[in-house]
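The values are calculated or read from the model by the stated rules, or taken from the named source; none is laboratory data. Quick caveat: nothing in here was measured; it's all calculated off a predicted structure. Positions of Cβ are backbone-derived with ideal geometry, glycine not excepted, and every protein chain shown enters the neighbour counts.
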Amino acid sequence: MSFGARALIRLGALKHNLKVIRAKAPGARVMAVVKANAYGHGLLGIAGALTDADSLAVARLGEAESLRAAGIRSPVVLLEGITDAADLEAAISLDCELVVHCTEQLELLELLDSRQLVVWLKFDTGMNRLGFAPYDAAEIIGRARRCKTIGDLRLMSQLANADARDDDATAVQLEKFRTITRDFDGDVSIANSPALFGWAEHELMPSGNIWIRPGIALYGISPFSDSTGADLGLRPVMQFESQLIAVKSIKAGERVGYGGTWQAGEDSRIGIVSAGYGDGYSRFLPSGTPVLVNGRRVPLVGRMSMDMITIELGADASDAIGDRVILWGDDLPVEEIAEHAGTIPYQLVTGILNREPSEYLD
């Protein structure tokens, strides 16, 4: 049966990656980040396969609602927290653990009848995005401990630049977090994917009961610009693929695509692939971007269309209609394709539009 661009999701690779990640921080618990449709891999399919994770982390209430509606009972952490009383009631009804990062959220909890919620206080150690100031830590922690709504108090922070391994900003942030958590006897979390793979365990871990928060690495993608997931022992979970829908000959000098921006240098054969920016394949990918056809690399040529791309197969090509085309995945890392697009792999995988339903394999 014919198909257009689709994501093939390999759950065995996901489970492999979780094991690799756990080995980076033995004894730590894992908060698996599945926000943004599990980084484009499918929220419910991925969450359902992460039964060995200790909790799941989402950004928004709608994501938590989807998990609960699907019958997923794992602990769910709401990373952005809540904005008003209605959000708080919804989060409670969904049995979410709350990240609290500002006084307005804390005030909402103080007004609530005792519910004994799990709350993660977030401190801003240098990201300058969400979180309480470190110099307010003693006051905020004390206030949270007095709040009858909070049954289990935990602490977290977010590293801003851990993917730059030669930048001392991470060491500064880690030291600030160690100061905050030094006399704290509860659970703590600061390690994201780049921290896990870029920093030694003894540098990374503050005192306390440790939670790590892997995101992009779960999906087999490197958080570093100079490596791929395979370099870190990871396996790509997503293969983005399509198929040839036409093969034709082209003469030297003929132009291809809208605007005729690419011109054949010699007689050749081209293939038309059912994939385009309407599928989430970035329009910023230029001629020369590789795809895989029958195990060999061939280049994208001409401007991308909404539903189609053109590739040069070569003068002696024997490729046929229906042959599979790999846009990224095994042997063609999404990290490499992101370089061609001038972006990061996070944007490519989260941008998949699922016009064709993803296919899940064990």
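Assorted remarks:
- Here Val76, Val58, Val100 are screened, and the one residue that is within 16 Å of the chain's Cα centre (by Cα), on the phi < 0 side of the Ramachandran plot and either surrounded by 20 or more Cβ atoms within 10 Å (Cβ to Cβ) or β-branched (Val, Ile, Thr) (or both) is Val58.
- Odd one out for Lys248 among (1) outside any loop (DSSP other than H, G, I, E, B); (2) surrounded by fewer than 16 Cβ atoms within 10 Å (Cβ to Cβ); (3) in contact with a helix residue (DSSP H, G or I) (Cβ under 9 Å, 6 or more places away or on another chain): (3)
- Summed over the stretch 16-36, the residues that are more than 19 Å from Val77 (Cβ to Cβ) and buried (at least 18 other Cβ atoms within 10 Å of the Cβ) give a count of 3.
- Within the stretch 79-88, tally of residues that are on the phi < 0 side of the Ramachandran plot and surrounded by 13 or more Cβ atoms within 10 Å (Cβ to Cβ): 6
- Residue under evaluation Arg297, criteria (1) without any contact (Cβ under 8 Å) to a residue 40 or more places away in the chain; (2) surrounded by 21 or more Cβ atoms within 10 Å (Cβ to Cβ), criterion not met: (2)
- Test: residue in the stretch 224-231 that is polar (S, T, N, Q) and either in contact with a Cys (Cβ under 6 Å, 6 or more places away or on another chain) or in a strand (DSSP E or B) (or both): no
To keep it simple, each residue is scored yes or no on (1) outside any loop (DSSP other than H, G, I, E, B); (2) modelled with pLDDT under 95; (3) buried (at least 17 other Cβ atoms within 10 Å of the Cβ).
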site: Glu104; (1), (2), (3): yes, no, no
site: Leu109; (1), (2), (3): yes, no, yes
site: Arg115; (1), (2), (3): no, yes, no
site: Trp120; (1), (2), (3): yes, no, yes
site: Leu130; (1), (2), (3): no, no, yes
site: Ala137; (1), (2), (3): yes, no, yes
site: Ile140; (1), (2), (3): yes, no, yes
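- The single condition among (1) surrounded by fewer than 17 Cβ atoms within 10 Å (Cβ to Cβ); (2) of a type in the set (S, T, N, Q); (3) touching a strand residue (DSSP E or B) at 6+ places or on another chain (Cβ under 9 Å); (4) closer than 30 Å to Leu14 by Cα that Gln263 does not satisfy is (4).
- The set of residues from the stretch 197-215 being surrounded by fewer than 22 Cβ atoms within 10 Å (Cβ to Cβ) and modelled with pLDDT of 95 or more comprises just one member, Gly215.
- Yes/no for Ala171 being outside any loop (DSSP other than H, G, I, E, B), of a type outside the set (Lys, Arg) and modelled with pLDDT under 95: yes
- Of the criteria (1) in contact with a Gly (Cβ under 6 Å, 6 or more places away or on another chain); (2) of a type outside the set (Phe, Trp, Tyr); (3) in a helix (DSSP H, G or I), which one Arg178 fails: (1)
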